[in-house]
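Structure, as structure tokens:
The values are calculated or read from the model by the stated rules, or taken from the named source; none is laboratory data. Being a predicted model, the structure only gives us computed values, none of them experimental. Glycine also receives a Cβ, built like all others from the backbone with ideal geometry; neighbour counts cover every protein chain displayed. Heavy atoms of the whole protein, side chains included, go into the accessibility calculation; ligands, DNA and RNA do not. Shrake-Rupley method; radii C 1.70, N 1.55, O 1.52, S 1.80 Å.
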Amino acid sequence: MGDAAQHYDLVVLGAGSGRVVLGPDLAHLRAAIVDHGPYGGTCLNRGCIPSKMFLHVARAAAGVPDLARLGVDARVERVRWDDIRDRVFGRIDPNAAAGPAEVRSAGVDAYVGTARFVAPGRLVIEEGDGVTEVTAERVVLATGARPVVPDVVANSGVPFVTSDDVMRLPALPERLLVLGGGVIGVEMATLFCGMGVRVTVVDSVEALVPTLGADIARRFTDMARTRWALHLGAEVTAVEQGRDGIHLRLDDGTALTGDALLVATGRRPNSDGFGLETIGVDIDPDSGRVLVDDFGRTSADGVWALGDVCTERQLKHLANDQARTLRHNLLTPDDLKPFRTKAIPSAIFSQPELAQVGYLLEEAQKEGHDAVAYTQRLSDTAYGWALEDTTSVCTVVAERSTGVVLGAQLMAPNASSLIQPLIDACARGRPAREIATTQMWIHPAATELIENALLGVADAAEGDSSHGDL
């Protein structure tokens, strides 16, 4: 079989962000992609895209009862889960199914199967009943990550779902138990609560979304308590199937019952099963992450990695950015660019949305910055009046001596979009006052939340306490 091995200039393992590597400027290379399918990776098939399509519906439905405080009496008659689910995946599944053909039409060989290294530069691909041996000058690992399931659940024999399949449930449960209050847990709790499901969230942390800082974590957790049953600071000690549903027993003595159990306790890189140990790719033993240098190179010659398999922050836009960087590095090995590490934004599509970039105040100070922060309420802007908003805030962190923006955290409607000027400020190292005053901000619009937060932190950095922290 070795003599008949097909040779490639480049093989990419993973057809999510891995496909981004193979731009037109690499068309001169003989290349292949290997993925067990469906093509498109987590984002397209079971993550970012379908969840946002569901969340759009959920947030619209959840907002109907809230209209009463604005003088409009309305109610949701029924949520047609089957119709919503089938509409979402009726668009996504054909797109994923077309993936291999689209890859081939671009002149790249597409394998729907699994690959493993048997020697440096040599892989065996299992596709259906067939086995193909290939050799490759360079290999890019873009194999993503998968849900982690705690032993207490995995060993219980009780049925459960993860982010991989929760959006494909055959019917809406009346009661959903969510184990984990991180990004996935919060988004899925938002989704199913909006659909009329009674949601219970369990997590060992004392407050949800702690990565956004203590203030926003407290604000969001207080709001979540009005919508979901929260059991925080607690560990699950037993999972059992009863006649009336699934039972969770917590270490504080609490017993919970639900009709379905969603496990959202984190994700582990897909670094196993590819024979990486055979070729000397170093892997962090605790996290399972493939270790790479600043340029995306692993410890094995000719092997690179990007995205969730090697990156602590599992974000699609970060993986795509790394893929573009790797494309450059593969094309110009004498002019390598490092992976981006500054101003990496993230968002949680909850209700309201959460977004952040750069440092929290305490992080900036810990890193040696003489930093200050200012928090602006949306309720103190004209658009906040229109929304009758009482909860949304934007915190901006800046260097005292220069006013340069170091970070920002938002809890507000459309925070994932509102934060963009602050991402730009962090990425370019621009002073808060310059950003606020060298452009006009539409009035009355939600973006005045950002403008006023920038002016507030600029005053704080300059020692003007006329605004003060809110």
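Side notes on the structure shown:
- From the options ASP73, ASP66, ASP86, residue that is open to solvent by less than 80 Å² (accessible area, probe 1.4 Å) and out of contact with any strand residue (DSSP E or B) (no Cβ under 8 Å at 6 or more places or on another chain): ASP66
- Scope the range 330-361; condition buried (at least 20 other Cβ atoms within 10 Å of the Cβ) and free of Cβ contacts under 8 Å to residues at least 60 places away in the same chain; matching residues: TYR359
- Filter pass, VAL148 being aliphatic (A, V, I, L, M), open to solvent by 10 Å² or more (accessible area, probe 1.4 Å) and closer than 22 Å to GLN314 by Cα: yes
- Here is the figure for the range 89-105: residues that are crowded, with 16+ Cβ neighbours inside 10 Å and among the hydrophobic types (A, V, I, L, M, F, W, C) total 4.
- Selection status of GLU388, acidic (Asp, Glu), over 30 Å from the mean Cα position of the chain (by Cα) and either open to solvent by 10 Å² or more (accessible area, probe 1.4 Å) or more than 24 Å from LYS366 (Cα to Cα) (or both): no
- Test: residue in the range 135-155 that is farther than 29 Å from LEU291 by Cβ and part of a strand (DSSP E or B): no
- Residue in the range 447-464 that is free of Cβ contacts under 8 Å to residues at least 12 places away in the same chain, acidic (Asp, Glu) and open to solvent by 20 Å² or more (accessible area, probe 1.4 Å) present: yes
- Some residue of the range 23-44 being within 30 Å of ARG198 (Cα to Cα), open to solvent by less than 40 Å² (accessible area, probe 1.4 Å) and either of a type in the set (Phe, Trp, Tyr) or not in a helix (DSSP H, G or I) (or both): no
- Of the residues making up the range 362-373, those that are in contact with an Asp or Glu (Cβ under 9 Å, 6 or more places away or on another chain) and without any contact (Cβ under 8 Å) to a residue 40 or more places away in the chain are HIS369, ASP370, ALA371.
- Pick from the range 365-385, criterion of a type outside the set (S, T, N, Q) and under 16 Å from ALA432 (Cα atoms), ranking: most open to solvent (accessible area, probe 1.4 Å): ASP370
- Among all positions in the range 168-184, there is at least one residue which is touching a helix residue (DSSP H, G or I) at 6+ places or on another chain (Cβ under 6 Å) and either crowded, with 21+ Cβ neighbours inside 10 Å or of a type in the set (Asp, Glu) (or both).
- Some residue of the range 247-257 being open to solvent by 10 Å² or more (accessible area, probe 1.4 Å), in contact (Cβ under 8 Å) with a residue 24 or more places away in the chain and not hydrophobic (A, V, I, L, M, F, W, C): yes
- Residues in the range 195-239 that are of a type outside the set (S, T, N, Q), open to solvent by 20 Å² or more (accessible area, probe 1.4 Å) and without any contact (Cβ under 8 Å) to a residue 12 or more places away in the chain: PRO210, ALA214, ARG218, ASP222, ARG225.
- Close pairs from the range 393-411: first on the phi < 0 side of the Ramachandran plot and open to solvent by 10 Å² or more (accessible area, probe 1.4 Å), partner among the charged types (D, E, K, R) and part of a strand (DSSP E or B), Cβ under 7 Å, at least 6 apart: LEU406/GLU399
- Filtered residues of the range 270-291 (kept if surrounded by fewer than 16 Cβ atoms within 10 Å (Cβ to Cβ) and among the polar types (S, T, N, Q)): THR278, SER287
- Identity of the residue in the range 212-256, in a strand (DSSP E or B) and of a type outside the set (A, V, I, L, M, F, W, C), that ends up nearest to GLU362 (Cα to Cα): HIS231
- Of everything listed in (1) farther than 22 Å from GLY302 by Cα; (2) at pLDDT below 95; (3) of a type outside the set (Gly, Ala, Ser), the single unmet condition for PRO24 is (1).
- The condition of being within 25 Å of LEU360 (Cβ to Cβ), touching a residue at least 24 places away in the same chain (Cβ under 8 Å) and of a type in the set (Phe, Trp, Tyr) does not hold for PHE192.
- Screening PRO147 against (1) in contact with a strand residue (DSSP E or B) (Cβ under 7 Å, 6 or more places away or on another chain); (2) closer than 30 Å to LEU26 by Cβ; (3) not aromatic (Phe, Trp, Tyr) leaves a single unmet condition, (2).
- Unmet requirement for ASP109, which otherwise passes all of (1) open to solvent by 40 Å² or more (accessible area, probe 1.4 Å); (2) in contact with a Phe, Trp or Tyr (Cβ under 8 Å, 6 or more places away or on another chain); (3) over 26 Å from ASP308 (Cα atoms): (3)
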